[in-house]
Amino acid sequence: MSAELQAFRDGLRQFVAREIAPHVGAWDEAGTFPRELYVRAAEMGLLGIGYPAELGGLGITPQDARLRLIATEEIARAGSGGLMASLFSHNIALPPLLAQASAELQQRVLPDVLSGAKIAALAITEPSGGSDVARLRTTARLAGSNYIVNGEKVFITSGMRADWLTVAVRTGGPGAGGISLLAIPGDTPGLTRSPLQKMGWWASDTALLHFNGCRVPAANLIGAENSGFRAIMENFNGERLMLAVGANAFAQVCLDEALDWARQRQTFGQPLIQHQVIRHKLMDMRMRVQTTRAWIDALIAQQEAGPTTPEWVADLCLLKNQATQTMQHCADQAVQILGGMGFMRGCKSERIYREVKVMMIGGGAEEIMKELAARQLGQC
Ligand SMILES: Cc1cc2nc3c(=O)[nH]c(=O)nc-3n(C[C@H](O)[C@H](O)[C@H](O)COP(=O)(O)OP(=O)(O)OC[C@H]3O[C@@H](n4cnc5c(N)ncnc54)[C@H](O)[C@@H]3O)c2cc1C
């Protein structure tokens, strides 16, 4: 790793140890974290990675994927997926704007979000289904210089607090060809939001959104009308790569916590780690984490060499499954090694155990990942 990347990692590690890790337990119990953390994260260079300097980002560099990987891994060390999901929700909301929105719309949205002053969220999923994006029902009808938006979105990360929502809407006929993306301000009259209670990710707000006759300026259309489906699919690639990185990083956190415990805990007159079966569990965890990390590195290297291919997209889908299964295995084994302590709140592995399933479902569920991979490889 270059000295520059290592310095970025070292700085972040101290930031997370000082300003995040001591608080994640309380934030999880409170079901939220302070808004000011977005500003601190922006100051630390966490929010602007991969965004142009003229829009308030750190500038586009060849190292962006590595910087995002480091940012994700270091935030994960605090052991809270909910915090990570909300703090970085802009990374699923803004890329379509960056790729396709008018310069004027980009200037209205990106600088405030990248400085941490405003929060952005992505709203694709609807109560009638999330996997089959092409069938979404929320409508946007052009009336003069506004779209009138009606419909519902569900399970939206940062949905309660978002100042900007990147929303998938139907502007045309049925199917993938009738979908557009709109940037909708959070204070639009007719938009109501309700919080949802969850198995995990407690520090993250997750919302049900109702759009009831919301008037949205036509200038807030992202890209050409009815071209949204492709933008949504391309956006998923970035989300899935970071979900994979995050899942593997949480697996590592579980391994670290279990190893520490196994060294300290005495059973039958000796440290737990002296029992062969425990050592083997730890080595099985390490084997999976290291394998997954190597695959992540390989896919990032291919992306850097660009352009990406259908085979790369297929492998990315399978990598997401591999990483989330690694997280599931390691969370399960860590809780087992920690014994009763692993069941107690305040233990990172306990929280991560509760956060596994959302990683296996969100951003494209396991079954959908396999289907998409097979299609990309031309095998169905
Ligand atoms: C905490 C949380 C945060 C989220 N954040 C966001 C967000 O910020 N923005 C957003 O837009 N969405 C968000 N989501 C939604 C998430 O992306 C969806 O839950 C996911 O895409 C699955 O959609 P669904 O829940 O409607 O399941 P469904 O599409 O109803 O699928 C249910 C199950 O059936 C399986 N399945 C579906 N079709 C097939 C098939 N053809 N063959 C085999 N199996 C199939 C799926 O894999 C899944 O296991 C979030 C979800 C959660 C839980």
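Read-outs throughout are calculated quantities, based only on the coordinates presented, and are distinct from any laboratory measurement. Just so we're clear, the structure is a prediction, and the values are computed from it rather than from any experiment. No Cβ is skipped: glycine too gets one built from the backbone with ideal geometry, and neighbour counts run over all protein chains shown.
Over what distance in Å are the Cα centres of the stretch 199-269 and the stretch 52-89 separated?
Going from one Cα centre to the other spans 12 Å.
Classify the stretch 3-114 as rounded, prolate or oblate from the Cα gyration tensor: take a ≥ b ≥ c as the square roots of its eigenvalues, call it rounded if a/c is under 1.5, otherwise prolate when a/b beats b/c and oblate if not. Working shown, then result.
Numbers: a/c = 2.28, a/b = 1.39, b/c = 1.63.
Judged from the Cα gyration tensor, the stretch 3-114 comes out oblate (a/c at least 1.5, b/c at or above a/b).
For the stretch 210-295, run through the chymotrypsin sites (Phe, Trp or Tyr not before Pro) and keep only the ones in DSSP coil with at most 14 other Cβ atoms within 10 Å of their Cβ. The partial results should precede the final answer.
Details: sites: F211, F229, F236, F250, W261, F268, W295; in loops: F268.
Of the chymotrypsin sites (Phe, Trp or Tyr not before Pro), the ones in loops of the stretch 210-295 whose Cβ has at most 14 other Cβ atoms within 10 Å are F268.
Would you mind getting me the FRET efficiency between M341 and E36? Use the beta-carbon distance for r and R0 = 35 Å, nearest 0.05. Walk me through the intermediate numbers first.
Working: r = 32 Å, r/R0 = 0.92.
Here the calculated transfer efficiency is 0.60.
Taking amide H positions as placed in the peptide plane 1.01 Å from N, state which residues far from L191 in sequence (5 or more) or on other chains have amide H under 5 Å from it.
N212
Each residue of the stretch 224-238 in order: what ³J(HN,Hα) in whole Hz does its phi give by Karplus 6.51 cos²θ - 1.76 cosθ + 1.60, θ = phi - 60°, with x for Gly and Pro?
6, 4, 6, 10, x, 4, 4, 4, 5, 5, 5, 5, 4, 4, x
How high is the relative contact order of the chain, in percent, with contacts defined as C-alpha pairs under 8 Å that are six or more residues apart?
Details: 677 pairs, mean separation 60.2, N = 380.
Averaging sequence separation for qualifying contacts and normalising by length gives 16 percent for the chain.
Kindly state, to the nearest 0.05, the FRET efficiency for T192 paired with A103, given R0 = 35 Å and r defined as their beta-carbon distance.
Values: r = 32 Å, r/R0 = 0.90.
That pair, T192 with A103, gives E of 0.65.
Each residue of the stretch 164-169 in order: what ³J(HN,Hα) in whole Hz does its phi give by Karplus 6.51 cos²θ - 1.76 cosθ + 1.60, θ = phi - 60°, with x for Gly and Pro?
Per residue, the Karplus-derived 3J(HN,Hα) values read 10, 10, 8, 10, 7, 9 Hz.
For the pair R263 and A298, how long in nm is the line joining their label points, each one 7 Å along Cα→Cβ?
3.1
Obtain the nm distance between the two label points defined at A305 and M199 by a simple spin-label model: each point lies 7 Å from its Cα along the Cα-to-C-beta direction.
A separation of 3.8 nm, rounded to one decimal place.
Tell me which residues come under 5 Å, amide H to amide H, from T125 once H is placed; ignore anything under 5 positions away on its chain.
Correct list: V154.
Which whole-Hz couplings ³J(HN,Hα) result when phi for each residue of the stretch 69-74 is put into the Karplus expression 6.51 cos²θ - 1.76 cosθ + 1.60, θ = phi - 60°, listed in order with x for Gly and Pro?
Each residue's phi maps through the Karplus curve to give 4, 5, 4, 5, 4, 6 Hz.
Largest first and in whole Å, what are the equivalent-ellipsoid semi-axes of the chain based on the Cα gyration tensor, each being the root of 5 times an eigenvalue? Working shown, then result.
Working: eigenvalues 263, 94, 85 Å².
After scaling each eigenvalue by five and taking roots: 36, 22, 21 Å.
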